[in-house]
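The values are calculated or read from the model by the stated rules, or taken from the named source; none is laboratory data. Remember, it's a predicted structure, so these values are computed and weren't measured experimentally. All Cβ positions, even for glycine, are placed from backbone atoms using ideal geometry, and neighbour counts span all protein chains on display.
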Amino acid sequence: MKPVMTQNEFLRQLPATILDKFDPHAELVQIARGGGDKALMNRVDFIYFPVTCVYSLEMSMADGFTSHIGLLGYRDAIGARNLIDLNLPGVPRVILSGYAIRLRSDVFAAALSRSPEVRCVVHDQFVRMSHSLGVTNACNLRHPLQRRLARWILNLNYVSRLNCFGLTHEELAHFLGVRREAVTEMLARLTQAGVLKTSRGRVEILDIVALRGFSCECDQGDQANVEDVRVDRPRGVERDLRVVGV
């Protein structure tokens with residue numbers, strides 16, 4: 001089994017015997033930022049397991065705009081819902097480029113049909129996603145923007161294991177569903193407090209403990225979903241598998 005496979009939490013929870021069967025079919029692919037395959041959630045050819053890339057799960061609206069509803073990262077499998085009787089909303093779009101493990105869906109489906117351990121991990125992911133969607137909905141209705149912004153940046157840290165992100169104020173405004181000017185004002189306050197450092201198209205966490213103090217209590221639920229919160233991106237993953245450009 002290639003060591004990089006355990007860098008994805010979804011795969012890490014599977015028995016070694018299952019990973020050994022996946023191993024010959026697994027490829028490490030480079031995922032470019034902005035890549036948004038609208039057919040990805042309806043395709044049946046590949047399942048993606050993020051290692052260092054992060055996806056925004058987005059829902060298309062009738063007016064042509066999209067709404068951000070969640071983040072997917074190293075804990076998740078993208079495309080697995082095609083193989084079970086679930087119809088969750090949203091299309092994944094890459095917001096932080098990086099690497100993901102790609103596996104043919106038929107290989108994964110064979111393991112899913114035979115292994116209760118695989119079914120259990122798939123079920124756990126959807127329970128976690130459903131819980132996150134519920135908490136986010138309540139958070140958006142009740143909490144002020146500054147707390148929601150702090151919570152969202154913390155959540156991005158949890159799913160990416162990074163403390164510095166290439167994101168613009170406009171993008172953050174999209175993810176939070178508010179005006180760019182409002183995000184700029186809130187970022188300025190957090191910067192003045194020494195919690196964040198911002199520059200053009202870049203946001204860096206300087207004090208993660210203090211940032212948690214600016215967040216709402218919803219962040220505690222986000223932390224509970226992460227066993228090992230790290231800010232360092234795994235290194236050397238490119239050497240473990242053949243890299244295929246996507």
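If you check Glu185, Glu204 for being closer than 21 Å to Tyr74 by Cβ and modelled with pLDDT of 95 or more, only one passes: Glu204. Screening segment 11-33 for residues that are touching a strand residue (DSSP E or B) at 6+ places or on another chain (Cβ under 6 Å) and in a loop (DSSP other than H, G, I, E, B) and picking the one that is modelled with the lowest pLDDT gives Arg33. Taking residues in segment 196-216 that are over 12 Å from Leu149 (Cα atoms), and partners anywhere that are at pLDDT 95 or above and of a type in the set (Asp, Glu), the pairs with Cβ atoms closer than 8 Å and at least 6 places apart or on different chains are Lys197/Glu204; Thr198/Glu204. Residue count for segment 87-117 satisfying the condition of being in a strand (DSSP E or B) and among the small types (Gly, Ala, Ser): 2. Does any residue of segment 183-202 turn out to be in contact with a strand residue (DSSP E or B) (Cβ under 7 Å, 6 or more places away or on another chain), within 19 Å of Arg93 (Cα to Cα) and surrounded by 14 or more Cβ atoms within 10 Å (Cβ to Cβ)? Checking segment 183-202: not a single residue is in contact with a strand residue (DSSP E or B) (Cβ under 7 Å, 6 or more places away or on another chain), within 19 Å of Arg93 (Cα to Cα) and surrounded by 14 or more Cβ atoms within 10 Å (Cβ to Cβ).
Restricting attention to segment 167-188, the residues that are outside any loop (DSSP other than H, G, I, E, B) and either assigned by TED's automatic domain parsing to the domain that holds Ile69 or within 21 Å of Met59 (Cβ to Cβ) (or both) total 9. Could we say that Asp228 is among the charged types (D, E, K, R), within 19 Å of Tyr74 (Cα to Cα) and either exposed (fewer than 14 other Cβ atoms within 10 Å of the Cβ) or modelled with pLDDT of 95 or more (or both) here? Yes, satisfied. Residues being buried (at least 19 other Cβ atoms within 10 Å of the Cβ), outside any helix (DSSP H, G or I) and not assigned by TED's automatic domain parsing to the domain that holds Glu217 are entirely absent from segment 157-166. Using the structure shown, decide if Val135 is under 25 Å from Val51 (Cβ atoms) and either among the β-branched types (Val, Ile, Thr) or in the same structural domain as His174 (by TED's automatic domain parsing) (or both). In short, no.
Residue pairs whose Cβ atoms lie under 8 Å apart, separated by 6 or more positions or on different chains, with the first residue in segment 156-184 and of a type in the set (Ser, Thr, Tyr) and the second in a strand (DSSP E or B), are Ser160/Val54; Ser160/Leu96. Does Val91 satisfy being surrounded by 17 or more Cβ atoms within 10 Å (Cβ to Cβ) and modelled with pLDDT of 90 or more? In short, no.
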